[in-house]
1. Starting from the Cα-Cα distance between Glu174 and Ala17, subtract it from 0.36 nm times their residue separation and give me the gain in nm to one decimal.
2. Indicate the gyration tensor shape class of the stretch 41-93 (rounded, prolate or oblate), computed on the Cα atoms with a ≥ b ≥ c the square roots of the eigenvalues: a/c under 1.5 is rounded; otherwise a/b larger than b/c is prolate and the rest oblate.
3. Assuming 0.36 nm per residue, please report the length gained on full extension of the stretch Asn182 to Glu140 beyond their Cα-Cα distance.
4. Please list 69-77, 32-40, 140-148 highest first by mean number of surrounding beta-carbon atoms within 10 Å per residue.
Amino acid sequence: MLATSQEHLHDKEQVEAVVAQVQQGNREIYAWIVGQFQQPLYRYCCRMLANRQDAEDALQDILVKAYQSIGRYRQEVSFSAWLYRIAGNHCLNLLRRRRMQERILRLFRPETVSIGAEQQMEARVFSPGLGAALALLTPEERNILVLRVFEELTFQEMGQILGSSPNALHKRMERIKRKVRNTMKTEEEISWNEPESIAGTKI
């Protein structure tokens, strides 16, 4: 366990050193940062947006935004937290825009728009029960759930990303768990803590 902690510290120090080089004008080395973070960020975007093409597009936008803003990064939080904050804000904006578009479509075509594309995609990516539960969450609630359950971050790490206290996030997570659990029981008649549940016992 100690070796793992030391490796994690070493990785963090290496990331910060590379970021400093980019800030000093060595822009070509930004490719190393892309290589380190593109897979976890893509996975995060997939879980937030439940659509691979949207996730790929979002990833490119996020990496460009980070590149353009990297001069303003300061080590008050980890670079990883700073990057996830950019990713989270971008995905939340996309989800809000998507939901607004779906509401407008339902106003004009209520007879043909019964299930949104987002819910259909979620049903394929996740279990039917979890997909239905995620569809009922607000974008902010979904972000908290994804960071905690799928990215397996601590509340302390989430606090750096979301700008909230760990205690407040813990309370919100408990409310989200109840909301998801109730929906999943209705949809699949399974318990949140059963092994076959995607969420499992990670929380």
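Bear in mind that the values in this text are calculations on the coordinates, not laboratory data. What you are looking at is a predicted structure, and each value in this text was computed from that prediction instead of being measured. Glycine also receives a Cβ, built like all others from the backbone with ideal geometry; neighbour counts cover every protein chain displayed.
1. 52.8 nm
2. In terms of gyration-tensor shape, prolate.
3. Once the chain is fully extended between Asn182 and Glu140, it gains 13.2 nm.
4. Sorting 69-77, 32-40, 140-148 by mean packing, highest first, produces 140-148, 32-40, 69-77.
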